[in-house]
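Enquirer: Structure provided below as structure tokens; questions to follow.
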Amino acid sequence: MSTGLFKGVNAMGHIGWVRRKCRICARTLIIGRDMVYHCPKCSKDRDAFFCEADYKRLKGRCPFCGSELKLVI
Ligand SMILES: [Zn+2]
Ligand SMILES: [Zn+2]
């Protein structure tokens, strides 16, 4: 049947995904599905997650402290 049409609806009700927001563009990132980068230093006291596009724009460096950003798996 055409279950593919309702994939989005099912995904919304799915509780397995961890969602984060990109600090730069506020895009919703889903850990485990999207390429999500974070700063190990800044993530301790604030949300410092970045999308793939901003990771490239920042050249892999945190805009707050200058540390190397790490891929969240
Ligand atoms: Zn972004
Ligand atoms: Zn940082």
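The values are calculated or read from the model by the stated rules, or taken from the named source; none is laboratory data. Bear in mind that the values here come from a model prediction, so they are computed numbers and not experimental data. Because the Cβ atoms are built from the backbone with ideal geometry, glycine has one as well, and the counts that use them run over all protein chains shown.
Enquirer: Wholly within the range 20-73, which strands (runs of 3 or more DSSP E) include no fewer than the required count, namely at least 2 residues that are within 8 Å of the chain's Cα centre (by Cα) and within 11 Å of ligand 1 (Cβ to nearest atom)?
Expert: Answer list for the range 20-73: 28-31, 36-38, 49-51.
Enquirer: If we scan the range 9-23, do we find a residue that is surrounded by 12 or more Cβ atoms within 10 Å (Cβ to Cβ), modelled with pLDDT of 85 or more and within 13 Å of ligand 2 (Cβ to nearest atom)?
Expert: Yes.
Enquirer: Specify the residue that is nearest to ligand 2 (Cβ to nearest atom); the eligible residues are those in the range 24-41 that are over 13 Å from V72 (Cβ atoms) and surrounded by 13 or more Cβ atoms within 10 Å (Cβ to Cβ).
Expert: K41
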